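**Student:** Before anything else, here's the structure in question.
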Amino acid sequence: MFRRWRRIDQPGLELARIEVDRRGVTACSTIVDAGDKPFGLRYIWMLDAKWRTLSLRIEQLCNDDRWLTVERGGASSWRIDGKPAPHLEGCPELDLSATPFCNAIAIKRLGEGDEFTAAYISADDLSITPSRQRYEKLGERSWRYVDLGVADGFTARLDLDADGLVERYEGLFEALD
């Protein structure tokens, strides 16, 4: 399946091909962000059948033209470019700032209302920091995202489509499909 998301707050577009089968999920995407700090990004996100991240490979275009690979090292441990990342110990999932795809992962994997610490990846510079967050269920396909870390105090309503992917992320993204 293909998904297209556009930025609402600034010029930007994402085109993602998401393949789901009995073995897991593969998302391949290209993002063009034409905001104040323009950048391009490509990623390949590999998940198991329970929507648990196995690896995320990101290529940053236009700025440094560099690659970043994040791989699961255990239940809640990670490796960055092949090296252990102890500062991310205890982070159950990744959160890539430039895409609403990561919100679907968190919603499918984590408990409603439970706070957790995500490994937050800034698309601007590919830095990775632990960041607290929570998802609150509002309805059958509606959630509220609450940031308790990097963007403390930020909240947004997320409306999902029939596949459980973000259809509308209040103030930031909307699906074009």
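**Student:** Measuring from centroid to centroid over Cα atoms, what is the spacing of region 36-50 and region 120-153 in Å?
**Tutor:** 16 Å
**Student:** Classify region 70-177: rounded, prolate or oblate, from the alpha-carbon gyration tensor (a ≥ b ≥ c, eigenvalue square roots; a/c under 1.5 rounded; otherwise prolate if a/b is larger than b/c)?
**Tutor:** Prolate is the answer for region 70-177, as a/c is 1.5 or above and a/b outweighs b/c.
**Student:** Can you list residues from other chains, or at least 5 along the same chain, whose modelled amide H is less than 5 Å from the amide H of ALA123?
**Tutor:** Result for ALA123 returns SER97, ALA98.
**Student:** Now for a separate question. For LYS108, which lysines qualify as cross-link partners when the Cα separation must be under 30 Å and same-chain residues fewer than eight apart are set aside?
**Tutor:** LYS50, LYS83, LYS137
**Student:** While we're here: Whole-Hz Karplus ³J(HN,Hα) for region 15-28, in order, using 6.51 cos²θ - 1.76 cosθ + 1.60 and θ = phi - 60°, x for Gly and Pro?
**Tutor:** Once rounded to whole Hz, the list reads 10, 10, 9, 10, 10, 10, 9, 5, 7, x, 10, 10, 10, 10.
**Student:** Once every DSSP H run of n ≥ 4 in the chain is given -39500 (n - 2.57) and the sum is divided by its residues, what mean residue ellipticity at 222 nm do you get, rounded to the nearest 500 deg cm²/dmol?
**Tutor:** Rounded to the nearest 500, the figure is -1500 deg cm²/dmol.
Quick note: the coordinates plus some simple rules give every number you see, no bench work behind them. Quick caveat: nothing in here was measured; it's all calculated off a predicted structure.
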